[in-house]
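Before any comments, here is the structure.
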Amino acid sequence: MLDLTYDTPKPKVIAGAKHDWELVIGMEVHAQVASQAKLFSGASTKFGAEPNSNVSFVDAAMPGMLPVINEYCIEQAVRTGLGLKAEINLTSAFDRKNYFYPDLPQGYQISQLYHPLVGEGEIIVDMEPGIARKVRIERIHVEQDAGKSIHDMDPHMSFVDLNRTGVALMEIVSRPDIRGPEEAAAYIAKLRQILRYLGTCDGNMQNGNLRADVNVSICRPGQYEKYMETQDFSHLGTRCEIKNMNSMRFIQMAIEYEARRQIQIVEGGGKVDQETRLYDPDKNETRSMRSKEEAHDYRYFPCPDLLPLEIEQAWVDDIAASLPELPDEKKARFVKDFGLSEYDANVLTAEVVNAAYFEQVVTQADDGKLSANWVINELFGRLKKDDCDITDSPVSPAQLAGIIKLIKADTISGKMAKDLFEIVYTEGGNPEEIAEARGMKQVTDTGAIETAVDEIIAANPAQVEKAKQNPKLAGWFVGQVMKATGGKANPKAVNDIVAAKLGL
Amino acid sequence: MMSDLTKLKISEARDALRKGDVTSVELTEACLDAIAGAKALNAFVHDTPEIAREMAKAADARIKAGDAPSLCGIPLGIKDLFCTKGVASQAASNILGGFKPEYESTVTTQMFNDGAVMLGKLNMDEFAMGSSNETSAYGNAVNPWRRGNDDAALTPGGSSGGSAAAVAADLCLGATGTDTGGSIRQPAAFTGITGIKPTYGRCSRWGIIAFASSLDQAGPMTKDVRDAAIMLQSMCGHDPKDSTSADLVVPDFEAMLTGDIRGKTIGIPKEYHMDGMPEEIEALWAEGRKMLQDAGAKIVDISLPHTKYALPAYYVIAPAEASSNLARYDGVRYGHRAKLGQGDGITEMYEKTRAEGFGPEVQRRIMIGTYVLSAGFYDAYYNRARKVRTLIKKDFEDVFAAGVDAILTPATPSAAFGLGEMKDADPVKMYLNDVFTVTVNLAGLPGIAIPTGLDKQGLPLGLQLIGRPWEEGDLLNTAYALEQSAGFVSKPAKWW
């Protein structure tokens, strides 16, 4: 496996009235498993269906109904674990988390408290080229989602939509290794990228398919290092949990606000209470949802309807063998094999479809840097202008590679190439044929260029004298030649010949 | 037409049906008449005569066509805990008032596929929580047996008391029961019938309203061991809809009833001699021991050292699971919902609905279960009870490993008691009814109660045989041998 080496980013420091403070952040990300059917019932997981149409007797918790594990959801969670380089527990078990709410028909959520399916793993969170944070993953467990309560449709009643009830979630729990709001957003982005590469979650935050509970605490510089050495949380401040965030921008704003709130409390001689808080984006503040004393007692206990989940190593090995190349490896390979900068490699591997497009271009064009420039600058720019997805790109990888090959072979100039790209983009067609048919090819025939140069020298004796005094004026002759050849002359050849003829 | 059709055993009725001596319609009508005449027993709480007649007609057609499984055309009663499609299924609780499921439990589906006829739904303790049928929202069923000439009403036991009363009074040929801590075996013993709780995982729990999921098992309640074998055959088998159901081949139980138990080893556990146990029960147990010995079995004294912890462990685990299982009855989607006052919110809706819908015993167990699972008490109660459960299971594994084939114990610590007699007693006294039966549920083993004698007052008494896991066939055969020796043929005198 290829690896890039990284330096650790500096933690975010906030200056309080009295001291500097550092941030310590841990995340619990709920990722909806990409699957056709729910975790314990055969009902569909399709988003946007009529309310209460994707509901089985099991989801509605009718009397006598029993859960049966959907094997594909487990496979997806195992795949996710492997993608995060995590331990897979061959024996895990489901527990019931008991609480009352109308969108929780059973009165309990089936989850995994005591024996999660996936153990410790890690995510490399890229901050900028050469700088990344390694965030440890504590565990991933599989659980059911709740339904949706709707309180604003009727003045007297609340409505419940059970379509989401029982959909499989992966709760991905990190260690408190994230050290600032930007890192938190980058963590979510990287996790989302990996999940999308794996095909285990579509990462759609708007639909709530990826949402995070963010634990924030503050500490004085140096304390975090003591925690890392000992894993003793007493070196860190009391944490508050900000619930149910599904926007990267709001996550950053909430963390920033929450850290400053805690600093103010501590510097004012107060104590931060461990509690659950909600972020209000309208007011940009976090508010207490419930304190530790009011915290639910979930009365977790092993779910007696399900036997412990036993999976076989061979099955895990099969899943591992079918794992796609993941972002870190792909990026490292792009840097190594195609000579890309880490920045370009980052951009190109952000989405697996982009990376795939690029690879098709580069293997045909056989020039990494040129291919990267053209994909990132010309193609992405043009697609963005049209709000078009790469999967719907009017220019195929073969067409783009064709253009790049013409540039590489000096057959067309860079400027002409841009015109050619626009023609291919809007009209389609074979780039080489278009360049030929529309006379876009460069003149590389030195004889023809020499003739043109000779004619211009002969017609402009005064300019020749000036240029001999001041070689910088040779550029004027180059410009004249280009004009005379309709821009098709190879600029390098023109330069060389002009210089030679003028005796510079 | 044969006389006294309702008195037939399942095996007799099967043979008569196949020979054409009787039709299922005739059998069914006889049972429906008997049910109509036995309202005083309050055994059937939802009668389904139209469904019964339809099913009987269909069964007769099948029998005529020569396609007749053993249960084909046999009229049965179904415990109210089983969800039966389109038919009230309320677990004898007000909270499920008016609830008619859109689905049929796996166990009843299998029996109906075999041609069984459903006469109606049978009374029980609310959510199967009780040992006397007195927690039923329908009012208790009454035991057809009485003490001598005393007409005091006696309990049929619980929770499957309606099933027991119906079978004992010949209202149906057999009935389904469920057993979480003794709910098949105790009422069977109180009413002089046979009841088997199979190995946990033998019968699918899908569609049976849950009490304590790790303990609940369905089983037959019948007039003799052969009938139990026939009915169990139809009820059990692997069901992919129940993750705890065992994917094992089901042997032909009836074919295993040879009565030959020569060379079998029967264990007598010393811990089942309880202080204050009536002498008659001791005597009955000693008699059972002798009968099995005379039938050629080897009798050994054994020890199941953790027995005394079983009842407390059971009364932690079962309520814990129940407190969670019953959380779904919240008035939101089905069943009872309390009338709300101005300004009442969701919390008031839960509180009022559940206070109105659940009876006192169910509420007690929900509170116990909630308590033992709560933070700070979980380890002291629930976790400790789970450890005890493991030890109890190991007690049995050890004696089975030492060569014991079955264990003989009393089924109950007393004969049927009077209804209302325990009204003011400490609830724990009622829980003591389960003292001989809960170990079997905690260990997941098969257990069968069979009537072996009458007490001085003329009430039936039963013995329990406990078998190795998945060896119901062998257990039934041992029970069959004991049944042959005991020759119990008494019936309650009809007073209703």
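The values are calculated or read from the model by the stated rules, or taken from the named source; none is laboratory data. The structure displayed is predicted, hence computed values, not measured ones. Neighbour counts run over all protein chains shown; Cβ positions are idealised from the backbone, glycine included. All accessible areas refer to the heavy atoms of the entire protein, side chains included, with ligands and DNA or RNA removed. Shrake-Rupley method; radii C 1.70, N 1.55, O 1.52, S 1.80 Å.
Considering only the range B:208-238, how many residues are within 14 Å of chain A (Cβ to nearest Cβ) and either in contact with a strand residue (DSSP E or B) (Cβ under 6 Å, 6 or more places away or on another chain) or open to solvent by 10 Å² or more (accessible area, probe 1.4 Å) (or both)? Talk me through it step by step, then tell me what you get.
Within the range B:208-238, the subset within 14 Å of chain A (Cβ to nearest Cβ) is B:208-218, B:238.
Those left that are additionally either in contact with a strand residue (DSSP E or B) (Cβ under 6 Å, 6 or more places away or on another chain) or open to solvent by 10 Å² or more (accessible area, probe 1.4 Å) (or both): B:208, B:210, B:214, B:216-218, B:238.
Matching residues across the range B:208-238 total 7.
Which of (1) open to solvent by 10 Å² or more (accessible area, probe 1.4 Å); (2) away from chain A (no Cβ under 14 Å) does B:CYS172 not meet, given it meets every other one?
In the conditions (1) open to solvent by 10 Å² or more (accessible area, probe 1.4 Å); (2) away from chain A (no Cβ under 14 Å), B:CYS172 misses (1) alone.
For the range B:84-99, give me the residue count where each residue is of a type in the set (A, V, I, L, M, F, W, C), part of a loop (DSSP other than H, G, I, E, B) and either free of Cβ contacts under 8 Å to residues at least 12 places away in the same chain or out of contact with any Asp or Glu (no Cβ under 7 Å at 6 or more places or on another chain) (or both).
Kept after step one, since they are of a type in the set (A, V, I, L, M, F, W, C), are these residues of the range B:84-99: B:87-88, B:91-92, B:95-96, B:99.
From what is left, the residues that are part of a loop (DSSP other than H, G, I, E, B) are B:88, B:91-92, B:99.
Subset that is either free of Cβ contacts under 8 Å to residues at least 12 places away in the same chain or out of contact with any Asp or Glu (no Cβ under 7 Å at 6 or more places or on another chain) (or both): B:88, B:99.
So the answer is 2.
Considering only residues that are hydrophobic (A, V, I, L, M, F, W, C) and either closer than 15 Å to B:LEU122 by Cβ or at the interface with chain A (Cβ under 10 Å from one of its Cβ atoms) (or both), which ones fall in the range B:72-94? Reasoning before the result, please.
Filtering the range B:72-94 down to residues hydrophobic (A, V, I, L, M, F, W, C) leaves B:72, B:74, B:76, B:78, B:81-83, B:87-88, B:91-92.
If the condition is that a residue be hydrophobic (A, V, I, L, M, F, W, C) and either closer than 15 Å to B:LEU122 by Cβ or at the interface with chain A (Cβ under 10 Å from one of its Cβ atoms) (or both), then B:LEU76, B:ILE78, B:LEU81, B:PHE82, B:CYS83, B:VAL87, B:ALA88, B:ALA91, B:ALA92 are the ones that fit.
What are the residues in the range A:298-314 that are free of Cβ contacts under 8 Å to residues at least 60 places away in the same chain and more than 11 Å from chain B (Cβ to nearest Cβ), if any? Break it down into steps so the answer makes sense when it comes.
Keep residues of the range A:298-314 that are free of Cβ contacts under 8 Å to residues at least 60 places away in the same chain, which gives A:304, A:307, A:314.
The one that is free of Cβ contacts under 8 Å to residues at least 60 places away in the same chain and more than 11 Å from chain B (Cβ to nearest Cβ): A:ALA314.
Say we look at the range A:363-409 and pick out the residues that are under 13 Å from A:PHE421 (Cβ atoms) and not in a helix (DSSP H, G or I); which of these is least open to solvent (accessible area, probe 1.4 Å)?
A:VAL395
Restricting attention to the range A:424-436, which residues are under 27 Å from A:VAL478 (Cβ atoms) and open to solvent by 70 Å² or more (accessible area, probe 1.4 Å)? Walk me through it before giving the result.
Within the range A:424-436, the subset under 27 Å from A:VAL478 (Cβ atoms) is A:431-432, A:434-436.
Matches in the range A:424-436: A:GLU432, A:GLU436.
Given the conditions (1) surrounded by fewer than 17 Cβ atoms within 10 Å (Cβ to Cβ); (2) in contact with a strand residue (DSSP E or B) (Cβ under 6 Å, 6 or more places away or on another chain); (3) within 13 Å of chain B (Cβ to nearest Cβ), report the number of the one that A:GLU71 does not fulfil.
Going through (1) surrounded by fewer than 17 Cβ atoms within 10 Å (Cβ to Cβ); (2) in contact with a strand residue (DSSP E or B) (Cβ under 6 Å, 6 or more places away or on another chain); (3) within 13 Å of chain B (Cβ to nearest Cβ) one by one, A:GLU71 breaks only (2).
In the range B:100-123, what residues are within 14 Å of chain A (Cβ to nearest Cβ) and part of a loop (DSSP other than H, G, I, E, B)?
If we filter the range B:100-123 for residues that are within 14 Å of chain A (Cβ to nearest Cβ), which is where we start, we get B:100-109, B:121.
B:LYS100, B:PRO101, B:GLU102, B:TYR103, B:GLU104, B:SER105, listed by residue number.
Exactly one of these conditions fails for A:ALA295: (1) at pLDDT 95 or above; (2) within 14 Å of chain B (Cβ to nearest Cβ). Give me its number.
(1)
Is it fair to say A:LEU117 is within 14 Å of chain B (Cβ to nearest Cβ) and in contact (Cβ under 8 Å) with a residue 60 or more places away in the chain?
Details: within 14 Å of chain B (Cβ to nearest Cβ): no; in contact (Cβ under 8 Å) with a residue 60 or more places away in the chain: yes.
No; evaluated as a whole, the condition is false for this residue.
Of the residues that sit in the range B:364-379 and are outside any loop (DSSP other than H, G, I, E, B) and open to solvent by 60 Å² or more (accessible area, probe 1.4 Å), which one is nearest to the other protein chains (Cβ to nearest Cβ)? Full working, then the answer.
Restricting attention to the range B:364-379, the residues satisfying the condition of being outside any loop (DSSP other than H, G, I, E, B) are B:364-373, B:379.
Applying the additional criterion that residues be open to solvent by 60 Å² or more (accessible area, probe 1.4 Å) yields B:364, B:367, B:371, B:379.
On the way: B:ARG364: 17, B:MET367: 12, B:TYR371: 9, B:ASP379: 12 Å.
It comes out as B:TYR371.
Which of the residues belonging to the range A:176-193 are open to solvent by less than 10 Å² (accessible area, probe 1.4 Å) and under 20 Å from A:SER35 (Cα atoms)?
A:LEU191
Which one is most open to solvent (accessible area, probe 1.4 Å), of the residues in the range B:324-350 that are of a type in the set (D, E, K, R) and at the interface with chain A (Cβ under 10 Å from one of its Cβ atoms)? Steps first, please.
Applying the first criterion (of a type in the set (D, E, K, R)) to the range B:324-350 yields B:328, B:330, B:333, B:337, B:339, B:344, B:348.
If we keep only those that are at the interface with chain A (Cβ under 10 Å from one of its Cβ atoms) as well, we get B:328, B:330, B:333.
Details: B:ARG328: 16, B:ASP330: 5, B:ARG333: 66 Å².
Restricting to residues being of a type in the set (D, E, K, R) and at the interface with chain A (Cβ under 10 Å from one of its Cβ atoms), the top hit is B:ARG333.
With respect to B:LYS387, is the statement that it is more than 23 Å from B:SER213 (Cβ to Cβ), assigned to a helix (DSSP H, G or I) and open to solvent by 30 Å² or more (accessible area, probe 1.4 Å) true? Before the answer, list the steps.
Working: more than 23 Å from B:SER213 (Cβ to Cβ): no; assigned to a helix (DSSP H, G or I): yes; open to solvent by 30 Å² or more (accessible area, probe 1.4 Å): yes.
It is false that B:LYS387 is more than 23 Å from B:SER213 (Cβ to Cβ), assigned to a helix (DSSP H, G or I) and open to solvent by 30 Å² or more (accessible area, probe 1.4 Å).
Would you call B:LEU461 closer than 23 Å to B:ARG146 by Cβ, open to solvent by less than 20 Å² (accessible area, probe 1.4 Å) and among the hydrophobic types (A, V, I, L, M, F, W, C)? Reasoning before the result, please.
Details: closer than 23 Å to B:ARG146 by Cβ: yes; open to solvent by less than 20 Å² (accessible area, probe 1.4 Å): yes; among the hydrophobic types (A, V, I, L, M, F, W, C): yes.
Answer is yes for this residue.
Tally up the residues in the range A:11-56 that are within 30 Å of A:TYR257 (Cβ to Cβ) and either open to solvent by less than 20 Å² (accessible area, probe 1.4 Å) or in contact (Cβ under 8 Å) with a residue 60 or more places away in the chain (or both), please.
Keep residues of the range A:11-56 that are within 30 Å of A:TYR257 (Cβ to Cβ), which gives A:11-32.
Filter again for either open to solvent by less than 20 Å² (accessible area, probe 1.4 Å) or in contact (Cβ under 8 Å) with a residue 60 or more places away in the chain (or both), leaving A:11-14, A:16-32.
Number satisfying all stated conditions: 21.
Out of A:ARG220, A:ARG261, A:ARG196, I need the residue that is open to solvent by 30 Å² or more (accessible area, probe 1.4 Å), over 16 Å from the mean Cα position of the chain (by Cα), in contact (Cβ under 8 Å) with a residue 12 or more places away in the chain and over 19 Å from A:ASN284 (Cα atoms). Which one? Give the derivation first.
Numbers: A:ARG261 fails: over 19 Å from A:ASN284 (Cα atoms); A:ARG196 fails: over 16 Å from the mean Cα position of the chain (by Cα).
Exactly one of A:ARG220, A:ARG261, A:ARG196 is open to solvent by 30 Å² or more (accessible area, probe 1.4 Å), over 16 Å from the mean Cα position of the chain (by Cα), in contact (Cβ under 8 Å) with a residue 12 or more places away in the chain and over 19 Å from A:ASN284 (Cα atoms), namely A:ARG220.
Of everything in the range B:384-405, what is of a type outside the set (D, E, K, R), under 29 Å from B:GLY296 (Cα atoms) and either free of Cβ contacts under 8 Å to residues at least 12 places away in the same chain or out of contact with any helix residue (DSSP H, G or I) (no Cβ under 8 Å at 6 or more places or on another chain) (or both)? Give them in sequence order.
Result: B:VAL399, B:PHE400, B:ALA401, B:ALA402, B:GLY403, B:VAL404.
This table checks each residue for (1) within 22 Å of the chain's Cα centre (by Cα); (2) modelled with pLDDT under 95.
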| site | (1), (2) |
| --- | --- |
| A:LYS18 | no, yes |
| A:VAL29 | yes, no |
| A:VAL33 | yes, no |
| A:LYS38 | no, no |
| A:PHE57 | no, no |
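Given the range A:205-322, what helices (runs of 4 or more DSSP H) lie entirely inside it while holding 3 or more residues that are of a type in the set (S, T, N, Q) and assigned by TED's automatic domain parsing to the domain that holds A:ASN98? Show your work before the answer.
Details: elements: A:223-230, A:248-267, A:313-321.
Once the helices (runs of 4 or more DSSP H) in the range A:205-322 are filtered for at least 3 residues that are of a type in the set (S, T, N, Q) and assigned by TED's automatic domain parsing to the domain that holds A:ASN98, what remains is A:248-267.
So that you can scan it fast, the table gives a plain yes or no per residue for (1) of a type in the set (Asp, Glu); (2) open to solvent by 30 Å² or more (accessible area, probe 1.4 Å); (3) part of a strand (DSSP E or B); (4) away from chain B (no Cβ under 14 Å):
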residue	(1), (2), (3), (4)
A:TYR101	no, yes, no, no
A:GLN109	no, no, yes, no
A:VAL125	no, no, yes, yes
A:ARG136	no, yes, yes, yes
A:MET153	no, yes, no, yes
A:LEU169	no, no, yes, yes
A:VAL173	no, no, yes, yes
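Going by the structure shown, is B:TYR431 more than 13 Å from chain A (Cβ to nearest Cβ), open to solvent by 10 Å² or more (accessible area, probe 1.4 Å), of a type in the set (Phe, Trp, Tyr) and touching a helix residue (DSSP H, G or I) at 6+ places or on another chain (Cβ under 8 Å)?
Numbers: more than 13 Å from chain A (Cβ to nearest Cβ): yes; open to solvent by 10 Å² or more (accessible area, probe 1.4 Å): yes; of a type in the set (Phe, Trp, Tyr): yes; touching a helix residue (DSSP H, G or I) at 6+ places or on another chain (Cβ under 8 Å): yes.
Against the criterion (more than 13 Å from chain A (Cβ to nearest Cβ), open to solvent by 10 Å² or more (accessible area, probe 1.4 Å), of a type in the set (Phe, Trp, Tyr) and touching a helix residue (DSSP H, G or I) at 6+ places or on another chain (Cβ under 8 Å)), B:TYR431 qualifies.
Assess whether B:PRO413 counts as being touching a residue at least 24 places away in the same chain (Cβ under 8 Å) and crowded, with 22+ Cβ neighbours inside 10 Å.
no
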